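Shown next, in structure tokens, is the structure this report addresses.
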Amino acid sequence: MTTPGPTPSPIPLTTVAELRQHHSQLVRLGLASHPAHARRLLSFLARDPASHFPYAARLLAHHPDPHPALFNSLFPALPPRHAARLLALMLSLPLPPDHFTFPRVLPGAQPLHLVAQLHALLLKLGFHAHTQSLNALLAAYLANARPDLASRVFRGGGDALDVVSWTTMVGGLCKLGRVHDAREVFDGMPERNLVSWNAMMSGYVKVGRFLDALEVFDEMRARGVEGNGFVAATAVVACTGAGALARGREVHRWVERSGVAMDEKLATAVVDMYCKCGCVEEARRVFEALPTKGLTLWNCMIGGLAVYGRGEDAVELFGRMEREGVAPDDVTLVNVLTACAHAGMVSEGRRYFDYIVRRYGIDPRMEHYGCMVDLYGRAGQLDEAKKVIDDMPMEPDVGVLGALFGACKIHGDVDLGDAIGWRVIKLDPQNSGRYVLLANLLASAGRWEDVARVRRLMDERNVSKEAGRSVIEIDGEVCQFQCGSLCHPQAEEVYAMAKDMMGRIGAEGYVPDTRDVLHDIAEEEKETPLLYHSEKLAIAFGLLRTRPGDTMRITKNLRVCRDCHEATKFVSRVFEREIVVRDRNRFHHFKDGKCSCKDYW
DNA sequence: ATAGGGTTAG
């Protein structure tokens with residue numbers, strides 16, 4: 001059909017009334033079926049498709065010259081229920097779906113039976129070898145958590161599969177936590193592009209397997225494949241997770257050299273990497289060099305200073321953020337409160353809470369009350385902390401109670417800890433850390449029968465303590481040590497060094513602190529001696545490979561135990577090393593026998 | 001059609 005009449009005006013329609021008026025005008029002029037006009041009408045309807053759906057459907061049902069494209073353009077914006085009805089309308093006209101239909105309908109399709117119906121229709125209409133339709137189908141099965149069905153389609157896909165199909169499988173399986181399966185698919189890929197490499201890397205990152213992510217990155221580079229901004233961001237995040245500063249620096253330098261754009265996301269990843277690898281100053285330099293700073297970036301920098309114990313700097317930066325006209329959000333509030341909590345700035349924290357909430361209309365959420373509890377709790381003001389809980393407008397969740405519980409541990413309040421610890425465990429029965437904390441607290445008071453109760457409870461519920469792991473990076477090589485494990489290639493040498501190290505600091509006045517020995521509570525009979533804690537092994541290894549005056553950087557998955565904290569202070573003096581330990585939730589910078597946390601953590 | 005960033009408490 002020819003397309004007579006005027007081209008439609010490019011001005012978008014803004015109200016439904018306008019739309020109706022315009023539509024009736026078109027009908028009068030006989031232009032209602034002009035494809036461009038219809039597209040304009042429908043694109044308006046697509047903006048709020050759920051409420052305008054009946055109108056859109058009527059428009060299409062009575063369209064004198066329907067074309068699949070008119071329908072296809074609506075699908076992406078429709079909720080699944082309406083999409084299904086629209087498709088039914090299409091079939092009833094009858095207007096057969098075309099090559100664009102399935103890629104448009106499938107992405108949001110749920111629940112599963114809708115996907116299955118679409119699958120059946122797809123086969124019936126002969127799209128079994130249409131790559132884009134198949135890819136959309138794979139993605140839909142994966143999005144509905146059915147890797148089995150996706151795999152079946154995938155295995156039957158044959159020549160119709162392309163890089164995107166493979167990458168969809170890799171990414172989808174990763175999202176479902178099936179990284180192992182994803183890796184198998186990835187290894188079998190006949191061809192990969194940057195998206196594929198990145199999908200595999202970020203899959204590892206998401207499950208915390210940072211070293212595996214970096215290995216994939218290395219393999220990519222070894223094959224001569226250059227990265228882009230996406231890959232760089234993922235690699236940087238992997239370095240952050242692993243605590244691999246030197247490698248992170250390398251990637252950062254590559255970004256600068258290669259001319260990859262430092263956009264907001266990449267910049268945030270880099271700043272975060274430097275912060276979390278204990279280089280706040282370097283993070284600061286990157287931060288300052290960026291011409292425009294978005295909210296996320298400010299948050300990231302403030303949070304970085306916060307966990308480093310630099311409360312004053314964090315708060316000052318917050319002030320600058322305000323002056324530059326960036327409005328804080330709930331995350332900013334968390335970070336500012338954390339900064340105050342970690343620096344012991346109790347009254348400032350209280351003031352900022354009130355100020356930010358009032359000034360910016362932020363609705364304090366559970367997290368924020370948790371921060372307030374932490375703020376008072378760390379400072380030993382347990383009564384104030386309890387008061388926060390009593391006065392907060394919602395029922396405290398495990399997190400908030402956990403903060404108070406943690407404070408009891410720090411300040412040795414056995415009675416309150418005993419009261420609250422059991423409650424926390426009841427609310428969060430699978431979290432091994434809580435049991436360990438309570439057991440340690442009770443043990444410190446010599447209440448061995450209660451300790452045994454905790455132990456039994458863990459056994460009954462089949463909860464086991466997470467193994468302590470420490471990573472140290474030496475000359476760009478990342479080495480991991482696990483508590484009590486002998487799997488390192490130089491294990492014997494490392495163990496000998498650890499013994500020697502403990503002997504040397506013992507002679508200088510170090511006394512083992514066995515109060516936290518129950519860290520190994522779940523290992524029953526064979527409790528791992530303090531000497532074999534993963535960070536002592538990492539430090540011993542570091543001593544073998546560094547010289548006096550050097551800095552060692554260690555990242556560990558749990559919190560530093562008291563004995564390791566004490567020993568590390570001695571090591572820093574006796575062996576003249578600076579040691580930066582990244583904890584599960586903050587930094588400890590050991591130098592000349594002292595720690596930056598002032599033994600307050 | 002497939003890919004990247006920040007958040008407290010244990």
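Does at least one position in the stretch A:224-232 carry a residue that is over 19 Å from the mean Cα position of the chain (by Cα), open to solvent by 10 Å² or more (accessible area, probe 1.4 Å) and near DNA strand B (Cβ under 8 Å from one of its atoms)?
yes
Considering each residue of the stretch A:131-150, count those that are hydroxyl-bearing (Ser, Thr, Tyr) and closer than 14 Å to residue A:103 by Cβ, and give that number.
Going through the stretch A:131-150 one residue at a time, the tally reaches 2.
Between a first residue in the stretch A:424-451 that is farther than 15 Å from residue A:464 by Cβ and β-branched (Val, Ile, Thr) and a second residue that is part of a loop (DSSP other than H, G, I, E, B) and near DNA strand B (Cβ under 9 Å from one of its atoms), which pairs have beta carbons less than 9 Å apart while being 6 or more apart in sequence or on different chains?
Once the first residue is farther than 15 Å from residue A:464 by Cβ and β-branched (Val, Ile, Thr) and sits in the stretch A:424-451, its partners that are part of a loop (DSSP other than H, G, I, E, B) and near DNA strand B (Cβ under 9 Å from one of its atoms) give A:424/A:431.
Looking at the stretch A:363-386 only, could you name the residues that are of a type in the set (Asp, Glu) and more than 6 Å from DNA strand B (Cβ to nearest atom)?
A:363, A:383, A:384, listed by residue number.
Can you pull out the residues in the stretch A:259-276 that are open to solvent by 10 Å² or more (accessible area, probe 1.4 Å) and either within 13 Å of DNA strand B (Cβ to nearest atom) or in contact with a Phe, Trp or Tyr (Cβ under 8 Å, 6 or more places away or on another chain) (or both)?
A:260, A:261, A:262, A:263, A:264, A:265, A:268, A:269, A:272, A:276
Within 23 Å of the chain's Cα centre (by Cα), open to solvent by less than 10 Å² (accessible area, probe 1.4 Å) and touching a residue at least 40 places away in the same chain (Cβ under 8 Å): is that true of residue A:571 in this structure?
So residue A:571 fails the test.
Could you tell me whether the stretch A:332-347 includes any residue that is in contact (Cβ under 8 Å) with a residue 24 or more places away in the chain, more than 13 Å from DNA strand B (Cβ to nearest atom) and open to solvent by 60 Å² or more (accessible area, probe 1.4 Å)?
No, there is no match, as no residue in the stretch A:332-347 is in contact (Cβ under 8 Å) with a residue 24 or more places away in the chain, more than 13 Å from DNA strand B (Cβ to nearest atom) and open to solvent by 60 Å² or more (accessible area, probe 1.4 Å).
Scan the stretch A:93-108 residue by residue and report those that are in contact with a helix residue (DSSP H, G or I) (Cβ under 9 Å, 6 or more places away or on another chain) and either open to solvent by 70 Å² or more (accessible area, probe 1.4 Å) or within 12 Å of DNA strand B (Cβ to nearest atom) (or both).
Once the filter is applied, which keeps residues that are in contact with a helix residue (DSSP H, G or I) (Cβ under 9 Å, 6 or more places away or on another chain) and either open to solvent by 70 Å² or more (accessible area, probe 1.4 Å) or within 12 Å of DNA strand B (Cβ to nearest atom) (or both), the stretch A:93-108 yields A:96, A:99, A:100, A:101, A:102, A:103, A:104, A:105, A:106, A:107, A:108.
For the stretch A:387-397, check the following and say yes or no: at least one residue is in a helix (DSSP H, G or I) and near DNA strand B (Cβ under 10 Å from one of its atoms).
Taking every residue of the stretch A:387-397 in turn, none turns out to be in a helix (DSSP H, G or I) and near DNA strand B (Cβ under 10 Å from one of its atoms).
Taking only pairs six or more apart or across chains, which ones have beta-carbon atoms under 9 Å, a first residue in the stretch A:356-372 that is on the phi > 0 side of the Ramachandran plot, and a second residue that is open to solvent by 60 Å² or more (accessible area, probe 1.4 Å)?
Pairs that qualify, where the first residue is on the phi > 0 side of the Ramachandran plot and the partner is open to solvent by 60 Å² or more (accessible area, probe 1.4 Å): there are none.
If you go through the stretch A:432-444 one residue at a time, do you hit one that is of a type outside the set (Ser, Thr, Tyr) and surrounded by fewer than 16 Cβ atoms within 10 Å (Cβ to Cβ)?
Looking through the stretch A:432-444, none of the residues is of a type outside the set (Ser, Thr, Tyr) and surrounded by fewer than 16 Cβ atoms within 10 Å (Cβ to Cβ).
Is there any pair with a first residue in the stretch A:286-301 that is within 9 Å of residue A:321 (Cβ to Cβ) and a second that is within 9 Å of DNA strand B (Cβ to nearest atom) and assigned to a loop (DSSP other than H, G, I, E, B) whose Cβ atoms are under 7 Å apart and which are 6 or more apart or on different chains, and what are they?
A:295/A:329
Please go through the stretch A:307-331 and give me each residue that is near DNA strand B (Cβ under 7 Å from one of its atoms) and either in a helix (DSSP H, G or I) or more than 19 Å from residue A:367 (Cα to Cα) (or both), ordered by number.
Those that are near DNA strand B (Cβ under 7 Å from one of its atoms) and either in a helix (DSSP H, G or I) or more than 19 Å from residue A:367 (Cα to Cα) (or both): A:307, A:330, A:331.
Just to be sure, is residue A:494 assigned by TED's automatic domain parsing to the domain that holds residue A:557, assigned to a helix (DSSP H, G or I) and touching a helix residue (DSSP H, G or I) at 6+ places or on another chain (Cβ under 6 Å)?
In short, yes.
Does the stretch A:357-392 hold any residues that are charged (D, E, K, R) and within 17 Å of residue A:338 (Cα to Cα), and which are they?
Answer for the stretch A:357-392, where residues must be charged (D, E, K, R) and within 17 Å of residue A:338 (Cα to Cα): A:365, A:367, A:374, A:378, A:384.
Collect the residues in the stretch A:463-478 that are at pLDDT 85 or above and surrounded by fewer than 19 Cβ atoms within 10 Å (Cβ to Cβ), keeping them in residue-number order.
A:469, A:474
Give me the residue from the stretch A:402-431 that is more than 8 Å from DNA strand B (Cβ to nearest atom) and of a type in the set (Gly, Ala, Ser) and, out of that set, most open to solvent (accessible area, probe 1.4 Å).
The residue in question is A:419.
Is the stretch A:288-297 home to any residue that is within 16 Å of the chain's Cα centre (by Cα), within 12 Å of DNA strand B (Cβ to nearest atom), closer than 25 Å to residue A:554 by Cα and of a type in the set (S, T, N, Q)?
no
Pairs, please: C-beta under 6 Å, at least 6 apart or cross-chain, first residue at negative phi and in the stretch A:183-195, second within 14 Å of DNA strand B (Cβ to nearest atom) and of a type outside the set (S, T, N, Q)?
Pairs that qualify, where the first residue is at negative phi and the partner is within 14 Å of DNA strand B (Cβ to nearest atom) and of a type outside the set (S, T, N, Q), are A:185/A:169; A:185/A:170; A:186/A:170; A:186/A:200; A:189/A:166; A:191/A:163; A:193/A:163; A:194/A:231.
The values are calculated or read from the model by the stated rules, or taken from the named source; none is laboratory data. Because the structure is predicted, anything quoted here is derived from the model rather than measured. Cβ sites come from the backbone with ideal geometry, for glycine too, and all protein chains shown count toward neighbours. Note: areas computed on protein heavy atoms with side chains; ligands, DNA, RNA excluded. Shrake-Rupley method; radii C 1.70, N 1.55, O 1.52, S 1.80 Å.
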